[in-house]
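**Student:** Here it is, the structure in full.
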């Protein structure tokens, strides 16, 4: 999987902030002379204006960077005709659709975990309806997910597929929310 690299501007601003913050800590705790020099620099209008601009720019870049649509991460592999890339979100959606093929699964959430040397591991966190055999269900889900991802998406390098049951839902009982919302007799 491809990760988003740091942009040059982010590296510069973070480095400056690290140096300034480190200098302030060092000057106030270990070497008062360095601290006094930094205070003298901060008292100068030109230097304090530049430092303030850097801090405002750092915050603005962080906010603007967070507002941008997150870049999709793709899993790339080679096929006969060239390179194919599938977004990790598409793989997760596909695996979740497979999970909903099982009547025992009430809810499923997936995560893709990159492996060293390539390939991925899959983690499926499921809510299961009560009364189902969890070991058999887990094994069937693992097999079906592995086959589906290989056949439909063309991803061959699938490592472990972990199924974690995070909730067993008894649908014959009212949920906690329903109990709290029900009127009480007086």
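The values are calculated or read from the model by the stated rules, or taken from the named source; none is laboratory data. Keep in mind the model is a prediction, meaning the values are calculated, not measured. Neighbour counts run over all protein chains shown; Cβ positions are idealised from the backbone, glycine included.
**Student:** For the subset of segment 118-146 comprising residues that are in contact with a helix residue (DSSP H, G or I) (Cβ under 9 Å, 6 or more places away or on another chain) and assigned to a helix (DSSP H, G or I), which member is surrounded by the fewest Cβ atoms within 10 Å (Cβ to Cβ)?
**Tutor:** Selected residue: 144.
Results for (1) surrounded by 10 or more Cβ atoms within 10 Å (Cβ to Cβ); (2) in contact with a helix residue (DSSP H, G or I) (Cβ under 6 Å, 6 or more places away or on another chain); (3) outside the structural domain of residue 120 (by TED's automatic domain parsing); (4) at pLDDT 85 or above, shown as yes or no for each residue.
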site	(1), (2), (3), (4)
14	yes, no, yes, no
20	yes, no, yes, no
28	yes, yes, yes, no
39	yes, no, yes, no
42	yes, yes, yes, no
46	no, no, yes, yes
52	yes, no, yes, no
55	yes, no, yes, no
59	yes, no, yes, no
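**Student:** Could you tell me which residue of segment 136-167 is farthest from residue 79 (Cα to Cα), considering only residues that are in contact (Cβ under 8 Å) with a residue 24 or more places away in the chain and out of contact with any strand residue (DSSP E or B) (no Cβ under 8 Å at 6 or more places or on another chain)? Let's see the steps before the verdict.
**Tutor:** Initial filter on segment 136-167 (in contact (Cβ under 8 Å) with a residue 24 or more places away in the chain): 137-138, 140-141, 144-145, 148-149, 152-167.
Subset that is out of contact with any strand residue (DSSP E or B) (no Cβ under 8 Å at 6 or more places or on another chain): 140, 144, 148, 152.
Numbers: 140: 28, 144: 23, 148: 18, 152: 14 Å.
The extreme case among them is 140.
**Student:** Looking at the structure I just gave you, is residue 153 within 27 Å of residue 86 (Cα to Cα), assigned by TED's automatic domain parsing to the domain that holds residue 99 and out of contact with any helix residue (DSSP H, G or I) (no Cβ under 6 Å at 6 or more places or on another chain)?
**Tutor:** Yes: the conditions hold for residue 153.
**Student:** Out of the residues in segment 81-117 that are loosely packed, with under 12 Cβ neighbours inside 10 Å and at pLDDT below 85, which is farthest from the chain's Cα centre (by Cα)?
**Tutor:** Among those that are loosely packed, with under 12 Cβ neighbours inside 10 Å and at pLDDT below 85, it is 117.
**Student:** Oh, and also: If residue 147 meets every condition in (1) under 25 Å from the mean Cα position of the chain (by Cα); (2) at pLDDT 90 or above; (3) within 18 Å of residue 92 (Cβ to Cβ) apart from one, which number is that one?
**Tutor:** (1)
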